[in-house]
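Scroll down for the structure; my scribbles are underneath it.
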Amino acid sequence: MTTFSVLRGMRDFLPKEAKVMRFIEGKAREVARLYSYMEVITPVVESYELLAAKTGEEVRSRMYVFEDLGGRKVALRPEFTASVARLVSTSLRTASKPLRLFCVGSLYRYDEPQRGRFREFWQSNFELMGSQRPEADAEILLLTNSLMKLVGLRNYRFKINHVGIIKSILTQEGVDEETQNRALQLMDKRMYENAIRLLEDVGASKGCIQTIESLIAISGGEPVKALEEIRAIISGYNGAMAAVDNLAEILKLVMEVQKLDIAIEAGFARGLEYYTGMIFEVYVPELDIAIAGGGRYDKLVELFGGEPTPAVGVAHGIDRIMLAMQEQQVPIDLCEDEKVVVIPVSEALRIEALRISEMLRANNISVEVEVMGRKVSRALEDADRRGCTYAIIVGEQELREGKVVLRDMHKRSQQAVKIGDLVQVIRGAGSP
């Protein structure tokens, strides 16, 4: 007989793990409600051309790509933003701006499995579309901070940069867009020497190389001071200076509202090619992988045939947040309502047991029915192991009086209760 195991890079989440995942998802939904983001649901499978358009070579090379039965080249979504941008360029084309959109679900990349990195992973995604103002960027940072606080994480840090700084320098130096993207992808993987070598190979000037190297050296420190250092380095690059001014305005808005732990890294890049402005990632000291990341992308909707639509967004790694919470031993309140098991003492009482169970469920009480044919003593032992709060024992003698035996599994006490009073007693109102 063949025994099947889960595919490499995939995972089963057992009940306790699933509860934590849903807890985090619930907090993400709470943030969506508090910030007025509307949920959209997009397909797991999209056209390859859509998903590959601006994801970056690193992501493109790790997409699950296949040909469907209609001969179309399709792929499993590696991230949400392209799908949301498609939606905004089509079905939501005439919707009033700004659009605040939220989605949550599973994503797929054929990465090498390691701690915190799997081939199937979960994210909550927030996109604010239609505004190019710094208030929009600030909102994305603030709502991310809200989620980190709601799940109970500590000592998390925002790593922030603006892709317009390096892109503007390279554009002014005549470096083509394809080479810029390749250099930024290398910088995303902290392969800085390779990135510098690539720029040298395409003929970037010595001054350009020195400027990029000086920017890469700026990491951490007090944000205002870091911005001053960047300004001193990029003197003469007007586009880069405008990018720094934009980043400074975003950070001023944020820091006047919430004192976030922010580290500016002028050599920080992200692997996706569609970013045009502020970018960021969130880290905790216990992990060397980002638990959230995002930034501004002002050209993507237009690329997919929509109207020019500035946008900024963030993806929060739900399973990575769960790992961070485990590392920090964050206490999680997963308290549940009362869970009741109904046990008929004989097969003749099965119908009455089912009837009582449905009555309790109609009153929003979680109920299990004993379906294994166990004797009462064994059924009570099993209910105890399963964490049931109460057991209802349906016996012939009690039923003649319209009653059942209600056993408190924690106090190890029991009483005869009228069936009509069960809901009241279970919910803690005491004996009728």
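FYI, it's all coordinate maths here, none of it is from the lab. Owing to the predicted nature of the structure, the values given are computational and were not obtained by experimental measurement. Ideal geometry is used to build each Cβ from the backbone, glycine not excepted, and the neighbour counts take in all protein chains shown.
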Least to most buried among H162, H316, H410 (fewest other Cβ within 10 Å first): H410, H316, H162
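Kirkwood hydrodynamic radius, computed over distinct alpha-carbon pairs, for region 339-429: how many Å, to one decimal?
12.8 Å
Within region 264-353, report the GluC sites (Glu not before Pro) that DSSP leaves as loop and that have at most 12 other Cβ atoms within 10 Å.
Working: sites: E265, E273, E281, E286, E302, E327, E336, E338, E347, E352; in loops: E273, E286, E336, E338.
The qualifying sites are E336.
When DSSP beta bridges are limited to those with both residues in region 334-432, what percentage is antiparallel, rounded to the nearest 5?
Counting DSSP beta bridges with both partners in region 334-432, the antiparallel share is about 55 percent.
Please report the relative contact order for region 15-327, taking Cα pairs under 8 Å with a sequence separation of at least 6, and give it as a percent rounded to a whole number.
Reported relative contact order: 25 percent.
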Order of K19, K54 - criterion: other Cβ atoms within 10 Å of each residue's Cβ, fewest first: K19, K54
Base-10 log of normalised Debye intensity for the chain (one unit scatterer per alpha-carbon) at q = 0.06, 0.08, 0.12 Å⁻¹: -0.37, -0.59, -1.00
Extension reserve of the L354-D288 stretch, reckoned as 0.36 nm per residue once the Cα distance is removed: 18.6 nm
Magnitude of the charge dipole, the chain, Cβ model with Lys/Arg +1 and Asp/Glu -1, debye to 20: 1120 debye
Entries in K16/K418; K16/K375; K149/K411; K16/K54 that, when Cα-Cα distance is taken, lie over 31 Å: K16/K418; K149/K411; K16/K54
Most positive-pole-ward Cα, G9, Y48, F66, against dipole of region 1-80 from beta carbon charges: G9
Only Lys, Arg (+1) and Asp, Glu (-1) charged, at Cβ; region 158-301 dipole about Cα centre in debye: 100 debye
Degrees, to the nearest 10: 134-150 long Cα axis against longest axis of the chain: 40 degrees
Normalised convex hull volume, region 33-80, alpha-carbon set, Å³ per residue: 98 Å³
